[in-house]
Amino acid sequence: MLRVHSIMLFLCLSGWLTACTPGGAAGPFCGDGKVLAPEECDPPGVGACDAQCMRDPALCGDGQCQNPEHAGNCPADCTPACGNGFREEGEDCDGDDLNGATCTSLGYAGGTLVCAPDCTFGVIVCETLCGDGLLDAGEDCDDANRQAGDGCGATCAQEDGWHCAGTPSVCTAVCGDGIVVGNELCDGVEVGGWTCRDQGFYEGTLSCAAGCLSLDTAGCNGSCGDNLIQAGEEDCDGGNLGGATCSSMGWPGGGPLSCSMCTFDASTCGRWTTVGIGGGQTCAIKSDGTAWCWGFNGDGRLGDSTFTDRSRPVQVTGFAQGSAAAGGVFHSCAVKTTGAAFCWGQGSDGQLGNGGTDATANPVAVTSLSSGVLRVGAGGYHSCALKSDGSVWCWGRNAQGQLGDGTNTNRLTPVQVTGISGATALSTSGNHTCVIDGGGGVRCWGSNQFGQLGDGATSDRNTPFSVSSLTSGVVSLGAGQFHTCAVKSDGSAWCWGYNLNGRLGDGTVANRSTPVQVLGFSGGVATISAGGQQTCAVKTDGSAWCWGRNQYGQLGDGTTGDRYEPVAVTGLGSGVAGVFSGGAHNCALLASGALHCWGNNESGRLGDGSTTNRSTPVPVIFQ
């Protein structure tokens, strides 16, 4: 018995017998087909039963899917399941198992690939290859470029107003979405900033035509060529001139007036070439050299051989070949192309220069000035002339030294002004005269009651004195009744003298005995003209401006309120060649040769056929 027990112990310890109790004692026998404690199964090798008759969960075939079993290694126990961390049939990935795939291997530019909860590749975190023409995840479109503005933007996002489809993407503008893109000219209410006026109409509402490729002008109205004159927009339209003629629109006869591009074509009309304005009369020279005057005709200052007031131009008797004109308070003067000077009207102080003191309603030649005269100026009771050699000559009353000859003696014929040579411009007013000398400076003489000579004093001067701070660089000059103004080469405007009603334009009513700059006119001024109580200027852009007294509408801004600084003259636009100022009215010579006037119209001095004051310019009506 002992011998058998020893053999059994040897076999147990040697592993030949497995059904041994601890310590080698024989027990339930693994392999006997009976599951006896501590066995978990028997026989071994069947299902998940291992060699020691213990259940091994890793052994496939026991009908239970236990880790590490999965559908890939134990389809008998397991079915595919996303999320178990094992990539199985039908899955791109599972958990960390990406099957070696990366963002780059999937055709993206970069990034870290992840597995999505549904066991597909999570390429949303990959960097797409925008511009490769392939529609990748995260891209709205891909048109094989990375340019913006063609529907598919630089990041392959579809741009507003476009629809993109296909691979590579083809983008087309969406008509009707209100966004103008691509080949669209408009879209819905968005018309690309275009207006009816851009399309040749004057008003209305522009819309977008079907298809978004053209504009619909059905809502626009009023256009050049419809034969209807649009007020404020057109002078005329086609054959419709609105009854206008050369004479009624400010040109001195000629014609016929025609219409071109809905503006007057005055190429066949006459032309005014220069203007001279006095206290109550206006005179002008036509392109044919004839002289014409209108307004108050006391003392015969219109020169038409009568003493009758005229509200339209009448021809100065026997005067031809005119080149320049000037109007004084009570008389008028003009220069012929031959350089001869003539005057007419009141002659009480010798202001006609013919050696007498009688009034005349016909032009008389100024003694000793039969040639060489360029310009003439008519003041209150004196006159002056600028000759081609730069000398200046004056005649008439000299009580305040306004003749500039160093005396206060009246002269019935011209005397030369002392100390002036090389003068280029002349302006004569009520009782003083100023010139631009050869050095470009301003020099004045005569009455200085309000500082109008600009020398810092108020004493009359019977010889020329330089104007303070204007000793060079002056290009335009205007002498008014009691004030004077000038324009410098830098385009700035300056005035001095009497400042009642703001005629100096410096924003005050303080008198100035030296020049002050006109407000807002530090540059851009071309010419200037001073009248009785107002001042006007023309800017380099061709616009006209006035300031000062406005009782009769002489500032031309549509009001009768005084202005202490410049206001634009209404209705003249940018075609003004020069402005000429009188006692209380002004006239503008347009670049077209037409003449328009405004302000006090007593005795018909505006030339519009009436005696009604005008606060905006009206054309001089010829005959």
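Out of GLY279, GLY303, I need the residue that is under 43 Å from the mean Cα position of the chain (by Cα), closer than 25 Å to CYS597 by Cβ and assigned to a loop (DSSP other than H, G, I, E, B). Which one?
Being under 43 Å from the mean Cα position of the chain (by Cα), closer than 25 Å to CYS597 by Cβ and assigned to a loop (DSSP other than H, G, I, E, B) holds for just one of GLY279, GLY303, which is GLY279.
Give the number of residues within region 159-187 that are under 18 Å from GLY149 (Cα atoms), polar (S, T, N, Q) and surrounded by fewer than 19 Cβ atoms within 10 Å (Cβ to Cβ).
Final tally of qualifying residues: 2.
Scan region 188-215 for residues that are surrounded by 15 or more Cβ atoms within 10 Å (Cβ to Cβ) and assigned to a strand (DSSP E or B) and jot them down.
GLU190, PHE201, TYR202, GLY204, SER207, CYS208, LEU215 - these are the residues of region 188-215 that are surrounded by 15 or more Cβ atoms within 10 Å (Cβ to Cβ) and assigned to a strand (DSSP E or B).
Being open to solvent by 40 Å² or more (accessible area, probe 1.4 Å), assigned to a strand (DSSP E or B) and either more than 19 Å from SER429 (Cβ to Cβ) or hydroxyl-bearing (Ser, Thr, Tyr) (or both) narrows it down to one of ARG375, ARG312, so name that one. Steps first, answer last, please.
Numbers: ARG375 fails: either more than 19 Å from SER429 (Cβ to Cβ) or hydroxyl-bearing (Ser, Thr, Tyr) (or both).
Sole residue among the options that is open to solvent by 40 Å² or more (accessible area, probe 1.4 Å), assigned to a strand (DSSP E or B) and either more than 19 Å from SER429 (Cβ to Cβ) or hydroxyl-bearing (Ser, Thr, Tyr) (or both): ARG312.
Taking strands (runs of 3 or more DSSP E) that do not extend beyond region 432-474, which have at least 2 residues that are of a type outside the set (D, E, K, R) and open to solvent by 30 Å² or more (accessible area, probe 1.4 Å)?
Because the criterion is at least 2 residues that are of a type outside the set (D, E, K, R) and open to solvent by 30 Å² or more (accessible area, probe 1.4 Å), the strands (runs of 3 or more DSSP E) in region 432-474 that meet it are 461-466.
Answer with yes or no whether GLY556 is at pLDDT 95 or above, of a type in the set (Gly, Ala, Ser) and surrounded by fewer than 20 Cβ atoms within 10 Å (Cβ to Cβ). Break it down into steps so the answer makes sense when it comes.
On the way: at pLDDT 95 or above: yes; of a type in the set (Gly, Ala, Ser): yes; surrounded by fewer than 20 Cβ atoms within 10 Å (Cβ to Cβ): no.
So GLY556 fails the test.
When region 170-217 is examined, which residues are found to be without any contact (Cβ under 8 Å) to a residue 12 or more places away in the chain and of a type in the set (D, E, K, R)?
ARG197, ASP198, ASP216
Pull up region 383-401, narrow it to residues that are under 51 Å from the mean Cα position of the chain (by Cα) and touching a residue at least 60 places away in the same chain (Cβ under 8 Å), then point me to the one that is least open to solvent (accessible area, probe 1.4 Å).
GLY401
I'd like to verify a number: residues in region 219-268 that are open to solvent by 40 Å² or more (accessible area, probe 1.4 Å), more than 33 Å from the chain's Cα centre (by Cα) and at negative phi, how many?
Going through region 219-268 one residue at a time, the tally reaches 4.
Mind listing whichever residues of region 488-540 are out of contact with any Gly (no Cβ under 7 Å at 6 or more places or on another chain), assigned to a strand (DSSP E or B) and more than 25 Å from GLY328 (Cα to Cα)?
Answer for region 488-540, where residues must be out of contact with any Gly (no Cβ under 7 Å at 6 or more places or on another chain), assigned to a strand (DSSP E or B) and more than 25 Å from GLY328 (Cα to Cα): VAL516, GLN517.
If you take the residues of region 535-551 that are of a type in the set (Val, Ile, Thr) and open to solvent by less than 10 Å² (accessible area, probe 1.4 Å), which of them is nearest to ASN601 (Cα to Cα)?
THR535
So which residues in region 320-369 are among the polar types (S, T, N, Q) and either assigned to a loop (DSSP other than H, G, I, E, B) or open to solvent by less than 10 Å² (accessible area, probe 1.4 Å) (or both)?
GLN321, SER332, THR337, THR338, GLN346, SER348, GLN351, ASN354, THR357, THR367, SER368
The values are calculated or read from the model by the stated rules, or taken from the named source; none is laboratory data. None of these values were measured; they are calculated from a predicted model. Note that we place each Cβ from the backbone using ideal geometry, even for glycine, and neighbour counts take in every protein chain shown. With ligands, DNA and RNA removed, areas are computed over all heavy atoms of the protein, side chains included. Shrake-Rupley method; radii C 1.70, N 1.55, O 1.52, S 1.80 Å.
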